[in-house]
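Participant: Quick one: the structure is below, and I'll ask about it shortly.
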Amino acid sequence: MADDLPDKAPPGIDPSTPTFARVYDYFLGGKDNFAADREVADMVLQLVPEAPVVAKGNRVAIERAVTYMAAELGIDQFVDIGSGLPTASNVHQFARAANPHARVVYVDNDPIVLAHGRALLTETGVATFIQGDLYEPEKIFTDPALTALLDLSRPVGIVLAAIIHHVPDDRDPAGVVRGLLPFLAPGSHVMLTHLHDSGNDPRVEEAKRILQAGLGGSCFRHSSEIERFMAGLTILEPGVAHVTEWRPDGPAGPLEHPLHTQMAAVMGRKE
Ligand SMILES: C[S@@+](CC[C@H](N)C(=O)[O-])C[C@H]1O[C@@H](n2cnc3c(N)ncnc32)[C@H](O)[C@@H]1O
């Protein structure tokens, strides 16, 4: 697939080691990826040709969650941690469709996301991009670019989409999410999507092995484990659910493919 893509890496970027952001970009049909990324993705695609459905369902869940936060909860400021490479529609577009005053800070630790995000996701007074690490929340929430755009004394919407499944058990994913909470005002909401071990597709075991070997880890987890990551937050209805069942009346219509059960979504409120 797509052997004709250019492999010219921006300065400072190592094209030979696959990254989560670039493999995911390839699944979404993007062009900001290199041969090493496509090799891992193509191994998954050989096994599960419909795999991109999972990434697309994840984007729909983000749109629904951000629209709900902006339109129904009145949240007008967002931090998208592990934002990934810019895609067709991004969090600030979803948020501003519901509230034209919404502002968004994008955060990612992959330098290629910084390079493309700065170019495509930055708009003065609307959206900015910072290079930051989920494991260092204090640096994220005290970054001058973030505090210039957002007022952290007011509720914020946090987007943790398809990132916590890259946090292995020995790095304490529940603790990582909990570490964000002290920076959030009451009334803030956290949405999280996560690869889900639905147990209904035997190909998933092999896909896990490929992702583990190629990228050093993507953990499919059960919904009870994902729910534990929301400790300290009040979980909103319908709890942890497949993206098909998570606010299905939100934008982008129903999600019907059986593989959508491989991605779960959940949202919680800080009291
Ligand atoms: C699978 S992509 C998801 C992109 C987007 N959030 C979405 O759901 O469409 C995961 C992103 O998380 C980023 N990421 C992984 N670990 C991270 C960390 N410790 N700190 C910040 N970003 C991280 C990766 O660079 C990648 O861009």
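Participant: Assigned to a helix (DSSP H, G or I) and modelled with pLDDT of 95 or more: does that describe Ala174? Even if it seems obvious, please write down each step before you answer.
Facilitator: Values: assigned to a helix (DSSP H, G or I): yes; modelled with pLDDT of 95 or more: yes.
Taking the combined requirement at face value, the residue satisfies it.
Participant: Of the residues in the range 61-92, how many are modelled with pLDDT under 95 and either surrounded by fewer than 22 Cβ atoms within 10 Å (Cβ to Cβ) or in a strand (DSSP E or B) (or both)?
Facilitator: The number of residues fulfilling the criteria is 4.
Participant: What pairs come up if the first residue lies in the range 95-123 and is free of Cβ contacts under 8 Å to residues at least 12 places away in the same chain and part of a helix (DSSP H, G or I), the second is within 16 Å of the ligand (Cβ to nearest atom) and among the hydroxyl-bearing types (Ser, Thr, Tyr), and their beta carbons are under 9 Å apart, counting only those six or more places apart or on different chains?
Facilitator: Correct list of pairs: Arg118/Thr128.
Participant: Could you please tell me which pairs satisfy a Cβ distance under 6 Å, a separation of 6+ or placement on different chains, a first residue in the range 75-89 that is closer than 18 Å to Arg22 by Cβ, and a second residue that is more than 10 Å from the ligand (Cβ to nearest atom) and of a type outside the set (Gly, Ala, Ser)?
Facilitator: Partner pairs satisfying both residue conditions: Leu85/Asp32; Leu85/His116; Pro86/His116; Pro86/Leu120; Pro86/Leu121.
Participant: Select from the range 213-248 the residues that are modelled with pLDDT under 85 and either surrounded by fewer than 15 Cβ atoms within 10 Å (Cβ to Cβ) or not in a loop (DSSP other than H, G, I, E, B) (or both) and list them in ascending order.
Facilitator: Correct list: Gly216 only.
Participant: Here's something else I'd like to know. Looking only at residues in the range 109-129 that are at pLDDT 85 or above, of a type in the set (A, V, I, L, M) and more than 9 Å from the ligand (Cβ to nearest atom), which one is farthest from Ile164 (Cα to Cα)?
Facilitator: The residue in question is Val126.
Participant: Working only within the range 124-133, note down all residues that are surrounded by 23 or more Cβ atoms within 10 Å (Cβ to Cβ), part of a strand (DSSP E or B) and not hydrophobic (A, V, I, L, M, F, W, C). Can you show your working first?
Facilitator: To start, the set of residues in the range 124-133 that are surrounded by 23 or more Cβ atoms within 10 Å (Cβ to Cβ) comprises 127-129, 132.
This time we only want the ones that are part of a strand (DSSP E or B), so: 127-129.
Scanning the range 124-133 gives a single hit, Thr128.
A quick yes/no check of all residues on (1) under 18 Å from His166 (Cβ atoms); (2) assigned to a loop (DSSP other than H, G, I, E, B); (3) away from the ligand (no atom under 16 Å from the Cβ); (4) of a type in the set (A, V, I, L, M, F, W, C):
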site: Ala9; (1), (2), (3), (4): no, yes, no, yes
site: Asn33; (1), (2), (3), (4): yes, yes, no, no
site: Glu39; (1), (2), (3), (4): no, no, yes, no
site: Leu45; (1), (2), (3), (4): no, no, no, yes
site: Arg59; (1), (2), (3), (4): yes, no, no, no
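Participant: For the list (1) hydrophobic (A, V, I, L, M, F, W, C); (2) farther than 14 Å from Cys219 by Cα; (3) not in a helix (DSSP H, G or I), I need the number of the one condition that Leu195 fails.
Facilitator: (2)
The values are calculated or read from the model by the stated rules, or taken from the named source; none is laboratory data. None of these values were measured; they are calculated from a predicted model. Methodologically, a virtual Cβ is constructed for each residue, glycine included, from the backbone with ideal geometry; neighbour enumeration extends over all protein chains shown.
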